[in-house]
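Report on the structure given below.
Each reported figure results from applying straightforward, stated rules to the coordinates on display, with no laboratory input. The shown structure was predicted, so the numbers you read here are calculated from the model rather than taken from an experiment. So basically every Cβ, Gly included, is an ideal-geometry build from the backbone, and we count neighbours across all protein chains shown.
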Amino acid sequence: MMMYRCAIREIRTKLEVLDDEFSITYKRNPISSIKSRIKTPLSIYNKLQRLGYDFTEQNIREHLNDVAGIRVICSFIDDIYSVAKLLSDQDDITILRIKDYIQKPKPNGYRSYHMIVEIPVFFAEGKTPMRAEIQIRTIGMDFWASLEHQLRYKKDLGSNEQYELISRKLSECAHAITATDNQMQDIKNLIGEYNEF
Ligand code: 0O2
């Protein structure tokens, strides 16, 4: 867990440096906030079980990509792709997988840009490549995902009919948030025609 915490620290520093540099160049910050978490042992155990593996250190290293998780919240949709590109351009970061749930949202309405990356971390015994999952999303996408996440873990959602109703309403909210994100992006583009923004 210490090793994963160090990987998070490395990636966080990279993001903070990029955000600082961007704010000097463009007088604004593409990153609104950064959150991080280490997956809990129970959640690691459950995921390994689901994948059909025993709860061993080797299986965690080999089969789980998201023990270290970093969430980057951006103001605008195009900031997401700028941050992703700036990270990909760093030669010590290896991109193992991209899942673009913005271009292709999940059926429930979930949108976010996911990157599985590998980064070398230098420990006393040498360099160890560590994997992490970086989720990049707008404030709106994060707002929706946080509420949906909380609701999903509420076990007592009533009958099937109520569950359907809640899912439909969540999907409607996802559409409304997508429309708002797109409008905010249009406004940014309009301002950008007259200013460097
Ligand atoms: P938590 O509590 O956030 O850690 P993979 O093993 O990568 O092939 P996985 O893990 O399903 O398959 O990958 P995926 O689809 O990229 O999703 C991983 C994470 O994305 C989830 O982690 C959530 O954080 C987030 N996520 C994905 N789908 C949804 C969704 O429908 N709603 C919400 N709110 N979040 C979602 P965990 O481990 O599920 O949860």
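Worth pointing out:
- Only the Cβ atoms of Lys and Arg (+1) and of Asp and Glu (-1) were treated as charged; on that basis the dipole of segment 77-197 about its Cα centre amounts to roughly 540 debye.
- Using θ = phi - 60° and Karplus 6.51 cos²θ - 1.76 cosθ + 1.60, couplings along segment 82-94 (whole Hz; Gly, Pro as x): 5, 4, 4, 5, 4, 5, 4, 6, 6, 6, 9, 9, 9
- When both segment 30-65 and segment 101-154 are represented by their alpha-carbon centers, they are found 12 Å apart.
- Dipole of the chain, positive direction: furthest Cα of Ile177, Val17, Val83, with charges on the beta-carbon: Ile177
- Leading residue at positive end of dipole, the chain (Cβ point charges), from Thr40, Pro30, His63: Thr40
- Positive minus negative residues near His114 (Lys, Arg vs Asp, Glu; Cβ under 12 Å): +4
- Cα gyration tensor, segment 1-58 - rounded (a/c under 1.5), prolate or oblate: prolate
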